[in-house]
1. Give the Rg/Rh ratio for the stretch 339-498, taking Rg as the radius of gyration of the Cα atoms and Rh as the Kirkwood radius, to two decimals.
2. Taking only Cα atoms, what is the 0 to 90° angle, nearest 10, from helix 497-509's long axis to the longest principal axis of the chain?
3. In whole angstrom, how far apart do the alpha carbon centroids of the stretch 420-455 and the stretch 286-336 sit?
4. Under 8 Å for C-alpha pairs, at least 6 residues apart: give me the relative contact order for the stretch 399-515, rounded to a whole percent.
5. Give the span of the stretch 194-300's Cα atoms along each principal axis, as three whole-Å numbers ordered largest to smallest.
6. For a quick protection proxy, order the peptides 408-420, 281-293, 190-202 by their average other-Cβ count within 10 Å, most packed first.
7. Just want to confirm a number: the relative contact order over the chain, from Cα pairs under 8 angstrom separated by 6+ residues, in percent.
8. Antiparallel versus total DSSP beta bridges in the stretch 258-337: what percent is that, nearest 5?
Amino acid sequence: MAYRQRAIPVAAVKNRKKSDAKGAKNDNMKKRLQRIGSCVLLCALLLAAALPAPVSAASTGFSDVPDTHWAADDIRRAVDLGLFQGQTKTRFGLGQPMTRAAAAVTVCRLFGWELVTPETGSYTDNQDPDAWYYSAVETAYANGAITRQTDTFRPSDPITREELAVMLVRAMGYGTIAGLAQDLPMPFRDVTTNVGYVAMAYELGLVNGTSSTTFSPERTATREQAAVMLMRLYDSYHAASPDKVGIAPTAEGLTDLTGYDAVAVGSARLIYAGETRLTNTMEEEQAAALLEAVTSAGAAPLLYVSGTYTALRGDGAQTAELLAAAVEDSGCQGLFLDLAKLPSAQREAFTALAEDLRDQLGDRPLYIMVEAPAWQGTAYTGYDYAALAEQADRLVVRVAAYENTAGEFPIAPLEPLEEVYYALAELRDLVDGEKLSLLLTTTGSGWSRGRHTGALPAEEIETLLDDTQTQDYYADRYACAYLTADDGDTVVWYLDGESALERIRMAAFFGVDQICLSDLSSVADYENYRLLETSAPENEAA
């Protein structure tokens, strides 16, 4: 996969202003503070309660759908959830083409969009407000699921496999990413248009090929194929809450650790000065308090050790012995190793160290931080991901932030959603998703007059947002929040609840079921953030 830095105009970022007038800002302050957070994720942990009860493996109830049919279970679930209706009470329409109108209706139902009914339709052939599909087509258009490349929608035409894939990718808000993903590897040789969309639908697990090398993009999508694709999307959007781990550099200001599987503690650093050494800057009393807080919450404490490539100059076996002994002495249950930005020349040495660590630690947990397969827009080869995954319990994937500017305005989203997608797509064939953990940054990235000023904790971001002169925004392109203050001289990019949820959803498509918070002393609180709710408007049969 080729990675390249992309120049982004300011207009591509300032695309949704959340609060304009000062009066409205004051009225909505409480609601916004519940949503912010220089990260993160606590919102997604509410999703389990919002999920519908599991559907039993009963018969579909349609005479034309045998219980043994490959799509029977997804058809039954789609009908039970209100996404589909049968063509009659007893027949589903197995093998029948899915029309473009019906596809628009089911997509609106899946995402729970509020239907809009404008006086004049957006297409010349969608002008009858009484048509069963009129509002759904207009709603799909308003939400970006369909576009107006021509002046007709062709509601009665069968939808092709390519068109349905494009509609679903657009409905998820991934149209921009798909447009940038033209060079993603894909096995289908017969896809020549909308390549990025089909590639993305394939990578996200929404579609399969009709053979190992063909997708048959122009072939009509049948009703059962549409049901299967919709349920695959539904299942990823409604995946179980991710497991949580995090890094706690200090005992002060810790978030509630209840529910965390593991917490990396301490500030040990691995260095090489003629020999490998481990330095620790945290006072013994503070380290003890931190360890107590983690164990009292029921989380497994891991010794956090950072460093750079220079730490690999020593003998790997001796370094592994040193680290294992430090874990034992610290009272921790395992190790969290973070050697940042390794050059490709250290790739083999780091893999060898991981193998030695596995021998030394035995059954104790081993977490290894790795950079994503791209760093600042270029391919990254410092880690043998597959080999490291064989030794580690988890690889924690750190996705680089952008640090571009347009004039003096910084384009600096944290873990840009497109880069999260590229990284997980690249890792899919190398590492099982259950071995990965996605790092989410819980501090903001501060900028002043176009210059990076460093990280801002959640508390400072909340203070800025509480100022009536602050304007806050959300960049759909990157799925990242940002604010401007001091008449625009100060800009801070940060992950709020919506940003975190988008990354968790993306990770779920790739089977990644754990996230890691970068700083547990900087996690903003918010509540009442929910996943999309599936509802079925009262339309005619889809």
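1. Checking Rg against Rh, the ratio lands at 1.05.
2. Orientation of helix 497-509: about 80 degrees from the principal axis.
3. Between the Cα centres of the stretch 420-455 and the stretch 286-336 lies a distance of 23 Å.
4. Details: 199 pairs, mean separation 35.2, N = 117.
Once normalised by length, the contact order is 30 percent.
5. For the stretch 194-300, the Cα extents along the three principal axes come out at 68, 40, 19 Å.
6. Values: 408-420: 23.5, 281-293: 14.5, 190-202: 21.0.
Descending mean neighbour count gives 408-420, 190-202, 281-293.
7. On the way: 1129 pairs, mean separation 123.3, N = 542.
After rounding, I find 23 percent.
8. Numbers: 5 of 16 bridges.
Around 30 percent antiparallel, to the nearest 5.
The values are calculated or read from the model by the stated rules, or taken from the named source; none is laboratory data. Note that this is a predicted model, so its numbers are computed, not measured. Quick reminder, even Gly has a Cβ in these numbers, built from the backbone with ideal geometry, and neighbours come from all protein chains shown. Please note that ligands, DNA and RNA were not included when accessible areas were found on the heavy atoms of the full protein model with its side chains. Shrake-Rupley method; radii C 1.70, N 1.55, O 1.52, S 1.80 Å.
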